[in-house]
Each structure stands twice: as C-alpha cells, then as structure tokens.
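First the structure, in the form of structure tokens, and then the observations on it.
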C-alpha cells in the first residue's frame, strides 16, 4: 500500500513539475522576467545597452554640457585623451565682447578636442561633428517597479515603469583612483504590447 502511494506521489510530481515550469516559461505571461527580457532586447537592438554621454565640445554658455559632465571631462583630460582648445583673442575681438579699452590678446577657451591617444580609444568618438560621444558604463540590471494593463484597438499592452542600473566600464574606472559611481535611471517608462511570440516594445 505504501509502495503504491509513493509511486502515485512520484507520478504526480513528474506530471506537475513540467506543467509548473511551462507556466513559468510562458513568454506571454505578465511577469517581470518577460518585461525585462523585452526591454533588454529593445535596448540591445537599438544599441542602448551602453550608457553614452554626448558632450558638447565647445564652451558655449548656452549649452551646459561642459558643466553637467565635468567629472567625465576631468577624467578624460587627466588621462590625456582630450585637451583644451585655446584661442588667443585679439584686442579687437576682446573689445567687441567686453567693450573698448582692452589692448592685449587674451587666451579664450573654445572647448576640447581629441588627442592622438583619444582618437585611438574605441570608447570615444565624434558625434555629429560637434559632440564627444563617450561610453562609460553598460546596463547591469533592470528592476520593474510596476505596470498597468492597457488595450489599443484590441491589442493587449502594458505600461511599465522600471529602473535601470549600470556597471561602469573598466576603461573608464581605470582613469581615476576615485570610486566611480554611476547613478541609476529611476522611473523610466515604456509600453510593451503582446504579440504571438510574446512581449515587445511598442514604439
């Protein structure tokens, strides 16, 4: 009798485990793992898996990039990857800006340019001939905060709120003895829709 019960229990376990696993692996289920997978696939496809800083290389006061990314600029400068682009303003140019009475040329910071060493670094490049494009980290994980069910013309969809966490790239951390902290992106938003293959980004 006991033997029969054991056999029945084993058969029941062997039957239920695949059913349970198939439910967990269902790509159409509303689960955090499915949402994460859809978001990461989208980021990889659109080359957003890396955290990229597009820094304006001029010293235009209208554009705050040089102040906003000061820590990045400092590291690149100290490592000899970029250098200051200085122009000597003539007396006439100085007078046009600050008024008459300036008689000697003065150095004026135009911005930053790549050095030969910087041009050979695969993580740094020019973007649109105006910005310095620098990869400093990659996505380490995504945490789903919450989601809201939606429907568009009969298509099932969800509005997802999530946080992105980054891992600094080794080449960037090696530029300084200071601890590198990359703050996460909080409360990011994306819309996912359900397809016959599972969830995908609706954009």
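So which of 156, 87, 106 ends up being in contact with a strand residue (DSSP E or B) (Cβ under 8 Å, 6 or more places away or on another chain), at pLDDT below 90 and over 20 Å from residue 57 (Cα atoms)?
Values: 156 fails: at pLDDT below 90; 87 fails: over 20 Å from residue 57 (Cα atoms).
Every option except 106 fails the conditions.
Against the conditions (1) touching a helix residue (DSSP H, G or I) at 6+ places or on another chain (Cβ under 9 Å); (2) under 15 Å from residue 80 (Cα atoms); (3) surrounded by 14 or more Cβ atoms within 10 Å (Cβ to Cβ), residue 136 satisfies every one except (2). Among the residues making up region 26-54, those that are over 18 Å from residue 135 (Cα atoms) and assigned to a helix (DSSP H, G or I) are 32, 33, 34, 35, 36, 37, 38, 39, 41, 42.
Output the residues belonging to region 168-203 that are over 17 Å from the mean Cα position of the chain (by Cα) and over 25 Å from residue 29 (Cα atoms). Across region 168-203, the qualifying residues are 174, 175, 176, 177, 178, 179. Against the definition (at pLDDT 90 or above, surrounded by 13 or more Cβ atoms within 10 Å (Cβ to Cβ) and within 30 Å of residue 163 (Cβ to Cβ)), how does residue 63 come out, yes or no? Against the criterion (at pLDDT 90 or above, surrounded by 13 or more Cβ atoms within 10 Å (Cβ to Cβ) and within 30 Å of residue 163 (Cβ to Cβ)), residue 63 does not qualify.
Given the options 101, 80, 111, name the one that is at pLDDT 85 or above and farther than 30 Å from residue 148 by Cβ. The conditions single out 80. Of all residues in region 2-21, none satisfies being touching a strand residue (DSSP E or B) at 6+ places or on another chain (Cβ under 7 Å), modelled with pLDDT of 60 or more and assigned to a helix (DSSP H, G or I).
The values are calculated or read from the model by the stated rules, or taken from the named source; none is laboratory data. Note that this is a predicted model, so its numbers are computed, not measured. Glycine also receives a Cβ, built like all others from the backbone with ideal geometry; neighbour counts cover every protein chain displayed.
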